[in-house]
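Inspection log for the structure reproduced underneath, given as structure tokens.
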Amino acid sequence: MNWRKEHSPFYLYLVAVLISLVALLLFHFRPRVERKPPTPPPVPPPVKIERKPLAPEILARYGQEPVLSLYMEDSGETRWIKMEEYLPGVVAAEVEPTWPLQALAAQAVVSRTLTLFSMIHKVGPRQIHGTDACTSPQHLQAYNERKINDSVRQAVQMTRGQVLAFDGAVIQALYHSCSGGKTATPEEGFPWLEGPAPYLLSVDSPCPTDAPEKERTWKASIPKSELREAVGWDAGPVQTAEITRRGPSGRSVELKLGTKTIGGPELRRRLGSDRFRSTLITGISVTDDSIVFTGRGWGHGVGLDQWGTFAQAQGGRKHPEILLYYFPGAYLYQLWK
């Protein structure tokens with residue numbers, strides 16, 4: 001009789017039990033890593049201002065929900081639509097509809113405020129199409145009815161009639177995708193804007209890892225011939241590039257390409273904002289035919305940082321806190337109910 005052959009199943013069973021016990025002990029005593037929500041950046045000291053009511057002419061015209069004319073870019077038609085019916089399509093297009101509710105609410109307020117600012121001052125779509133708004137993001141804001149969900153509708157409803165104001169006027173509530181770590185001053189993003197905007201300051205705004213890599217960093221290889229065309233052919237061959245002046249957030253306010261200087265925002269506009277994604281340039285290198293720029297963030301960098309808003313909402317902040325963080329000195333005003 002082969003004793004080993006006869007009793008081997010017992011030993012195999014015993015070994016299996018021992019292995020299971022060891023695995024169970026290792027699992028039970030493994031180090032536990034707690035996932036903590038992202039910590040919002042510190043809130044800067046509030047700017048002391050007098051909270052004046054809005055100007056009488058604004059209250060007289062917009063004390064009730066306005067109906068606006070909306071130019072549909074895809075069809076060329078003009079649609080008349082109430083402000084609160086227009087906003088869900090904007091919020092759904094400008095940020096992901098699955099974002100936290102407070103982030104969607106913050107976007108609803110800045111989109112309402114920017115639309116109203118455009119209507120009051122007759123800029124943007126009014127100058128291009130003769131309408132109050134447009135579905136093209138290049139002219140005012142993006143718009144997509146197909147992406148609207150219940151969260152977007154709730155965000156618009158819970159902020160109904162709320163706008164951002166400063167010194168009795170509706171503010172120019174600018175926003176962008178990702179600041180790259182610090183928002184920009186108007187000089188860095190829109191040097192051609194007229195008049196002071198004390199509520200548009202540079203604040204810390206870390207871009208969360210939830211943001212796609214293309215939103216956080218970028219790289220653009222621009223042919224030297226294209227750069228020469230961008231700055232002017234009278235500059236001669238562009239063989240070098242350097243940043244000659246930076247703003248408070250570190251953005252390139254002015255660059256020297258070859259023998260000619262050009263403003264950072266203007267260079268970005270000429271080269272295309274989807275390729276030259278920001279003026280927060282972190283590196284410049286030269287090849288035989290091109291100049292390679294690397295940078296952080298996506299957008300002009302002024303005002304509300306959308307991915308920064310996402311991080312703050314994830315960290316538990318409510319939409320008024322988020323808005324007043326990105327627009328220091330401004331205040332929420334209930335313009336209509």
For the range 268-335, which fully contained strands (runs of 3 or more DSSP E) count at least 1 residues that are of a type in the set (Lys, Arg) and under 19 Å from LEU174 (Cβ atoms)? 290-296
Would you point out the residue of the range 229-255, among those that are charged (D, E, K, R) and modelled with pLDDT under 95, that is nearest to PHE190 (Cα to Cα)? GLU229
Pairs under 6 Å by beta carbon, first residue touching a residue at least 24 places away in the same chain (Cβ under 8 Å) in the range 181-202, partner aromatic (Phe, Trp, Tyr), six or more apart or different chains? TYR199/PHE166; TYR199/PHE327
Qualifying residue in the range 233-253 (condition: polar (S, T, N, Q), under 12 Å from HIS300 (Cα atoms) and not in a loop (DSSP other than H, G, I, E, B)): yes
When the residues of the range 197-222 are narrowed to those that are closer than 15 Å to SER177 by Cα and of a type in the set (D, E, K, R), which ends up surrounded by the most Cβ atoms within 10 Å (Cβ to Cβ)? GLU215
Which count do you get for residues in the range 244-276 that are at negative phi, in contact with a Lys or Arg (Cβ under 7 Å, 6 or more places away or on another chain) and in contact (Cβ under 8 Å) with a residue 12 or more places away in the chain? 6
Whether any residue in the range 232-241 is closer than 30 Å to ALA105 by Cα and touching a residue at least 40 places away in the same chain (Cβ under 8 Å) is what I want to check. no
Sole exception among (1) farther than 30 Å from LEU114 by Cα; (2) at pLDDT below 95; (3) surrounded by 14 or more Cβ atoms within 10 Å (Cβ to Cβ) for VAL292, by number: (2)
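Yes/no matrix, rows are residues, columns are (1) surrounded by 10 or more Cβ atoms within 10 Å (Cβ to Cβ); (2) modelled with pLDDT of 55 or more; (3) in a helix (DSSP H, G or I); (4) assigned by TED's automatic domain parsing to the domain that holds ALA311:
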residue	(1), (2), (3), (4)
SER8	yes, no, yes, no
VAL33	no, no, no, no
LYS36	no, no, no, no
GLU65	yes, yes, no, yes
GLY76	no, yes, no, yes
TYR86	yes, yes, yes, yes
VAL90	yes, yes, yes, yes
ALA93	yes, yes, yes, yes
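The values are calculated or read from the model by the stated rules, or taken from the named source; none is laboratory data. Predicted model, so just to flag it, every value in this text is computed and none were measured. Glycine also receives a Cβ, built like all others from the backbone with ideal geometry; neighbour counts cover every protein chain displayed.
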